[in-house]
Amino acid sequence: MSVSNKIKGYFLAALAAAAYGTNPAFAVPLYETGMNPNSVLLFRYALGIPLLLIVLFVRKIPLSLKRDEIFPVAMLGVLMALSSLTLFESYRYMNSGIASTLLFVYPIMVAVIMIFFFHEKFKINLLICLLFMCSGLFLLMKSDATTSLSGYGCLLVMISALTYALYIVLVNVSKVVSAIPTTKLLFYVLIFGCFVFLFAIAAGSELTVPQKAGGWLNLFALALIPTVVSLACTSAAIHLIGSTSTAIFGALEPVTAVILSMAVLRQSITWQEILGGLLIVVATTIVVGDKSVDKIILRVRKMFPRSLLHNNRQR
């Protein structure tokens, strides 16, 4: 692969992650105008559907689903909707940048699920990541001597991370789903996800709409930037530099969310929260790039003779 293609792939991966990290910058202002998370997501998903339809048409991807694809795709739509809803709901109880950082524990959840339910081999780097993650969560849960994060807000983010982790696992283990093109899959995920939000409205959740043109612009931006743009850049980056390198750039998602929460939403953040978030990002990056990390650990082990390690244990 040429250097220019690699650079292009890295740029697209970074752009995809940064685009996805803009979620709170568009969602929180809508809350301030009276909209609720369920309505915001209903409009986001509904507006994203025609945009993806255009992409499918341009790429000449057929819309039809096979009979055995309908149920697993519907399940993915429900999982994605629940993940989005709990994350967007958490923005009402805590700093949106911190919420986006907490969400970034989902790759570790994926690794744990694969070990316990699909017999993946346990690796030492996962233990290191779990220690990093717990340390980061501890720092975030008690940011200073006088304030602490909302326990309910943290619970919502953890549910969001878990449902997204289940979404990823299902995509990876299902042969039926893996055969569906990514854009087509997301198109139907958004359609089935809309039914979740409509069900919530039927169950009593109020349907709220933007009161000003700026609100509609925010909704359109939500449908375009963190959905369509992020997806398109991710797909192109995977093609150029591979899924692992692309996923590592996902660390820019919480970084973007934190920066925007401070610059655009005027939300405050402490150095302790930054350190906690950094530990979570580092832990997740290790999980994503586990092959390279395993090589590093092995190289470090080779630097120390076994006799030296044995003597240290005796001491």
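General observations
- T256 satisfies every condition listed in (1) touching a Ser or Thr at 6+ places or on another chain (Cβ under 7 Å); (2) at pLDDT below 75 except (2).
- The single condition among (1) part of a helix (DSSP H, G or I); (2) open to solvent by less than 60 Å² (accessible area, probe 1.4 Å) that I61 does not meet is (1).
- 1 or more residues within 30 Å of E69 (Cα to Cα), without any contact (Cβ under 8 Å) to a residue 60 or more places away in the chain and open to solvent by 20 Å² or more (accessible area, probe 1.4 Å): qualifying helices (runs of 4 or more DSSP H) within the stretch 90-207: 106-118, 151-173, 175-178, 182-202
- Among residues of the stretch 13-29, those that are in a helix (DSSP H, G or I), of a type in the set (G, A, S) and within 11 Å of the chain's Cα centre (by Cα), counted: 1
- The set of residues from the stretch 162-198 being of a type in the set (S, T, Y) and more than 30 Å from V209 (Cβ to Cβ) comprises S174, S178, T182.
- Here the condition is being open to solvent by 10 Å² or more (accessible area, probe 1.4 Å) and not acidic (D, E); of V73, V3, V40, it holds for V3 alone.
The values are calculated or read from the model by the stated rules, or taken from the named source; none is laboratory data. Everything numeric here is computed off the predicted structure, so don't read it as measured data. Virtual Cβ from ideal backbone geometry, glycine too; neighbours counted across all protein chains shown. In case anyone asks, the SASA skips ligands and DNA or RNA and just uses the protein heavy atoms, side chains included. Shrake-Rupley method; radii C 1.70, N 1.55, O 1.52, S 1.80 Å.
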